[in-house]
Amino acid sequence: MHQSNTTTSTTIAGKGADSRRRAFLAACAACVLAGCGSYVPDRAWQRVSCKEPRQCTDDEYTDAVKPAPVFVRRDGWWTYRQALPAGTDPASYIPQSLPKAYLEFNAEGWPHDVNQLDAVERYLKNTHKPLFVLVYVHGWHQNASTVASDEGENAVKFDDLLARTKDSLVRKFPDGRAPDVLGIYVGWQGEIYDGGYRWLRSVGSRAQVANDIAANPSPDGVRGTLKAVAQAMRATHPESRMVVMGHSFGGRLLSRAFVPDFLQGRPQPLGERVLVNTVNAAIGADYFTPLYAPGFARAEALRPSWINLTSKQDWATGRIYPMAFSLGWLGPERDEKNDASGVTIGHFPTYITHLLDVVRCSGNDCRNVDAHVGAKAWAQDEGKGFEYNQFVQRYAWTPPGNNAPTDYCGVLVRRPMLSVQQREQLRSDAVCNVAQVDFDYLRSKDGGDGFPLSARRVPAQGRMWNIETSESVLNFRVPSLGSASVHNGYISTAWTRMLVDLIYEPDYLQAWPPVLPATVVTGQSQTVR
């Protein structure tokens, strides 16, 4: 770990504004040079092959849940889709075939193909053993097309996420009890123009489409559909689990659909055994303001049912979003503009509840490693709020691989910390000497940086964590202007292992009691259906 420099906030703000302008102008120039771009239709890319709605044969429903062949390296850290490249040692990889289904919605939030949900529910109904359901909602510039094979296509890379999830489950349950994995990819028209300057201008229209899809109150809308999937998951087996992940505008869509549940006192919007995780969510922090108000927030960080995870290096939510807001392409999330407007939830310091970093141990970068292997990142004393944990993720090669294991050390910390003494204790006991944890950022008011203890607010009655991380956790294989590394880097082996560990904590087997708010918060009206 290291202590941050002492650059003033004014200087940082000025540099940040300049860098945002430079990045935005560069993107604009690239788009202009590329021309107008071609139209991307609002259509289903993965229809179930049957002639009539809800009249498919058993074979047609079975074919709709397609296996995804992926090869996972025996340390769990690398994957290849479809086939191994020439010259790769096949003994170093484990072949997997993971079932995958699709749910696609049009711009008004109606299903493109009702047979898709029928196929998913039928698959779940016929499953009577533990299952891990991973739902992924894509964001800007994406849809459910798997025609392209470049590294920026979320529908293509989803297979890698499924494979790493399965590997994480096998490592957590080495006795053969690892649950099966079902992947569900939620597609929508995340772009209307492929390339060209319109590609950049679509940020406003795509944000509105995400809002519209989330607002559809019908049981056939995305809200009703995901609730139906969650209910069917719980019916498969008492130990089944479900994670719903939303990236970029997919995080916006999920937030618009389910955050109102917290305002109604429901601590688990999709019910027990379900965790919602937004990654680099492209939604203004002001949408979450009511959850930080008295009566809706608390000082203790309880077991989360919702996690917003954002990389501080993410250019799309950290730079493009504020610039689009300043140009009027995006507006406030609520009726009245406030300090949180125009800044995404993961980049608004006042609302950050935790910091996370996971780095590879090399040389003297880590100490007391063996003592922290197997330590739980999410562990906390019963009846007490979460403060901080240090842990080590060990990636050992499964037989016949005999390579030396690789260790990654991690630290997950509440922000701001309770006291200077607590901060210094963490510093002195640091396992990761190079973790990107900014200690100045963690100081409470006693530390002199203006964060009073009253700033220790965890929204949604302590059940929603807003975690800031770095590119060491969220990264991507092929960075480019149109497919930024840290923005599309939702496939993280370290984070996947952490999610698996969290959702198998014992209290995820139970329904948490509702906590009704003590006060009424003004702002945009919300209707929960």
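Pairs linking a residue in the stretch 500-514 that is in contact (Cβ under 8 Å) with a residue 60 or more places away in the chain and closer than 14 Å to Met242 by Cα to a residue that is in a loop (DSSP other than H, G, I, E, B) and aliphatic (A, V, I, L, M), with Cβ atoms under 7 Å and 6 or more positions apart or on different chains, are Asp501/Ala377.
Pairing residues of the stretch 415-430 that are closer than 23 Å to Gly462 by Cα with residues that are among the polar types (S, T, N, Q), at Cβ distances under 7 Å and at least 6 apart in sequence or on separate chains, gives Arg415/Thr353; Pro416/Ser444; Met417/Ser444; Leu418/Ser444; Ser419/Ser444. Scanning the stretch 33-73 for residues that are farther than 29 Å from Asp113 by Cβ and either aromatic (Phe, Trp, Tyr) or under 25 Å from the mean Cα position of the chain (by Cα) (or both) yields Phe71, Val72, Arg73.
Go through the stretch 127-181 residue by residue and tally those that are of a type in the set (Ser, Thr, Tyr), assigned to a loop (DSSP other than H, G, I, E, B) and under 16 Å from the mean Cα position of the chain (by Cα). Can you show your working first?
In the first step, residues of the stretch 127-181 are kept if they are of a type in the set (Ser, Thr, Tyr); the result is 127, 136, 145-146, 149, 165, 168.
Keeping just the survivors that are assigned to a loop (DSSP other than H, G, I, E, B) gives 127, 145-146, 149.
Pick out the ones that are also under 16 Å from the mean Cα position of the chain (by Cα) and you get none.
Looking only at that region, the number is 0.
Working carefully through the options Asp89, Asp167, Asp75, Asp159, find the one that is touching a strand residue (DSSP E or B) at 6+ places or on another chain (Cβ under 6 Å), outside the structural domain of Ser218 (by TED's automatic domain parsing) and more than 30 Å from Ala282 (Cα to Cα). Show your work before the answer.
On the way: Asp89 fails: touching a strand residue (DSSP E or B) at 6+ places or on another chain (Cβ under 6 Å); Asp167 fails: more than 30 Å from Ala282 (Cα to Cα); Asp159 fails: more than 30 Å from Ala282 (Cα to Cα).
Testing whether each residue is touching a strand residue (DSSP E or B) at 6+ places or on another chain (Cβ under 6 Å), outside the structural domain of Ser218 (by TED's automatic domain parsing) and more than 30 Å from Ala282 (Cα to Cα) leaves just Asp75.
Limited to the stretch 304-326, what total is found for residues that are assigned to a loop (DSSP other than H, G, I, E, B) and in contact with a strand residue (DSSP E or B) (Cβ under 9 Å, 6 or more places away or on another chain)? First the steps, then the outcome.
Filtering the stretch 304-326 down to residues assigned to a loop (DSSP other than H, G, I, E, B) leaves 304-305, 312-314.
Within this subset, residues satisfying the condition of being in contact with a strand residue (DSSP E or B) (Cβ under 9 Å, 6 or more places away or on another chain) are 304-305, 312, 314.
Total meeting the criteria: 4.
Taking the numbered list (1) at pLDDT 90 or above; (2) surrounded by 20 or more Cβ atoms within 10 Å (Cβ to Cβ) in turn, Trp378 passes all entries but (2).
Within the stretch 239-262, can you find the residues that are touching a Pro at 6+ places or on another chain (Cβ under 6 Å) and either over 22 Å from Gln142 (Cβ atoms) or not assigned by TED's automatic domain parsing to the domain that holds Asn488 (or both)?
Restricting attention to the stretch 239-262, the residues satisfying the condition of being touching a Pro at 6+ places or on another chain (Cβ under 6 Å) are 239-240, 258, 261.
Passing the criteria: Glu239, Ser240, Asp261.
Residues being outside the structural domain of Asn389 (by TED's automatic domain parsing), modelled with pLDDT of 55 or more and either on the phi > 0 side of the Ramachandran plot or under 25 Å from the mean Cα position of the chain (by Cα) (or both) are entirely absent from the stretch 14-24.
Return the only residue of Glu108, Glu104, Glu121, Glu153 being touching a strand residue (DSSP E or B) at 6+ places or on another chain (Cβ under 6 Å) and charged (D, E, K, R). Let's see the steps before the verdict.
Details: Glu108 fails: touching a strand residue (DSSP E or B) at 6+ places or on another chain (Cβ under 6 Å); Glu121 fails: touching a strand residue (DSSP E or B) at 6+ places or on another chain (Cβ under 6 Å); Glu153 fails: touching a strand residue (DSSP E or B) at 6+ places or on another chain (Cβ under 6 Å).
Among Glu108, Glu104, Glu121, Glu153, only Glu104 is touching a strand residue (DSSP E or B) at 6+ places or on another chain (Cβ under 6 Å) and charged (D, E, K, R).
Quick check on my filter: what residues within the stretch 202-227 are within 18 Å of the chain's Cα centre (by Cα) and either under 19 Å from Met323 (Cα atoms) or not in a helix (DSSP H, G or I) (or both)? Ala207, the sole residue that qualifies.
Apart from one condition, Ala301 fits all of (1) of a type in the set (A, V, I, L, M); (2) in a helix (DSSP H, G or I); (3) touching a Lys or Arg at 6+ places or on another chain (Cβ under 9 Å); the exception is (2).
The values are calculated or read from the model by the stated rules, or taken from the named source; none is laboratory data. Everything quoted here is computed from the prediction, not taken from an experiment. Here Cβ is always computed from backbone atoms with ideal geometry, including for glycine, and neighbour counts include all displayed protein chains.
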